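Remarks on the structure that follows.
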Amino acid sequence: MKAEKIIDRTKTAARIRKLRAEKNLTQLALATKLCIARSRISAWEKGTSLPDINHIKYMSKLFGVPADYILGISNRRYNINIPDYFEFDLTKLNSTGMGMLYEYYKYLLSQEKYRNQ
């Protein structure tokens, strides 16, 4: 199966554009971080081409979202690193549940008594 059949270019374009805007980055600023021409960012955001895997990986780290979110494959926006000793499956949560879990996590971090010193 071709990638074009799995990946929705329109959704990918919109996600890259939105994530870039959320970080207050211009196309040129993002292109500079990725060591590519601004025209490639423009093409991605127009949906005329797709980023390669290395650029997807970099943007995933830069924007703090999973690669499958950028590509429009998933609506799960949060990357949460869970230690191996936890015995629960986060894949059973939908995007609303993941969002609630993330908000609770941020709340816990805001409380000094719950943070590692």
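Taken together, the values in this text are just the output of simple stated rules run on the coordinates, not laboratory data. Small disclaimer: the values here were computed from a predicted structure and weren't measured.
A few comments on the model shown:
- Folded to 0 to 90 degrees: helix 53-63 orientation relative to the chain principal axis, Cα: 50 degrees
- Cross-link partners for LYS46 among the lysines, with Cα-Cα distance under 26 Å and sequence neighbours closer than 8 places in the same chain left out: LYS2, LYS5, LYS11, LYS18, LYS23, LYS33, LYS57, LYS61.
- Restricting the calculation to Cα atoms, every distinct pair contributes to the Kirkwood radius of the chain, found to be 15.9 Å.
- The chain: angle of helix 9-22 to the longest principal axis, Cα-based, in degrees nearest 10: 60 degrees
- Rounded to 10°, Cα long-axis angle of helix 95-110 versus longest principal axis of the chain: 60 degrees
- Relative contact order, whole percent, for the chain stands at 23, derived from Cα pairs under 8 Å and 6 or more residues apart.
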